[in-house]
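The values are calculated or read from the model by the stated rules, or taken from the named source; none is laboratory data. Since this is a predicted model, take the numbers as computed values, not measurements. No Cβ is skipped: glycine too gets one built from the backbone with ideal geometry, and neighbour counts run over all protein chains shown.
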Amino acid sequence: MSKLVVCLTGMPGAGKSTIVSKLKDQGYETFSLGDGVRAEAKRQNLEPTGENLGRLMLELREKNGPGAIAELIKDSIQNSSHEIIIIDGIRSIHEINVLKQTGNVKLLAVHASPDTRFKFLSERKRSDDPLTREKFEERDNREIGVGLEEIIDLADDSIENNNVTIDDMVSSASGIFQKWIE
């Protein structure tokens, strides 16, 4: 049986990373496209600041094509002994096409309202999280510009993250994976 490669997509702050961290705790193997960029920065002895990582991501895509970030984790997925792999941070069809070389790819979109997402991002306080509504909207527009809206529309299934608990959200995601396996 080929691997099931579940790719999570959604706008910033929708809850993808939260789902992935809970699934990792449950024993699933997980990868983040951002981790691939961070590993490449380390190989190049770059300090992993938001600015450096953003520039590196754009350079890699320019030099190696729009699927370049997915290429960074492709070998790790192929070498994994797990039957289900969860990928966080899919932003374009080009990345999906690279990952299709590693197994049966399914795309799960996580939806949350702009108010919910802004609240999550404000509370998360990661170095690249927007502090104002204006910066939040700029970031959304940048993500849409690299193809995120198109990829969300292509999702095989989706879950909602408005007024639900983390456990409910993770349970919904797991139920969908089980359907995809059968």
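Restricting attention to region 1-51, the residues being at pLDDT below 90, part of a helix (DSSP H, G or I) and over 19 Å from I73 (Cα atoms) number 2.
Would you check if there is a residue in region 89-101 being under 22 Å from P130 (Cα atoms) and in contact with a strand residue (DSSP E or B) (Cβ under 6 Å, 6 or more places away or on another chain)? The answer is yes; a qualifying residue exists. Quick one: is S174 touching a helix residue (DSSP H, G or I) at 6+ places or on another chain (Cβ under 6 Å), surrounded by fewer than 17 Cβ atoms within 10 Å (Cβ to Cβ) and at pLDDT below 95? No: the conditions fail for S174.
Every listed requirement among (1) among the β-branched types (V, I, T); (2) closer than 26 Å to I181 by Cβ; (3) free of Cβ contacts under 8 Å to residues at least 60 places away in the same chain is met by I86 save one, (3).
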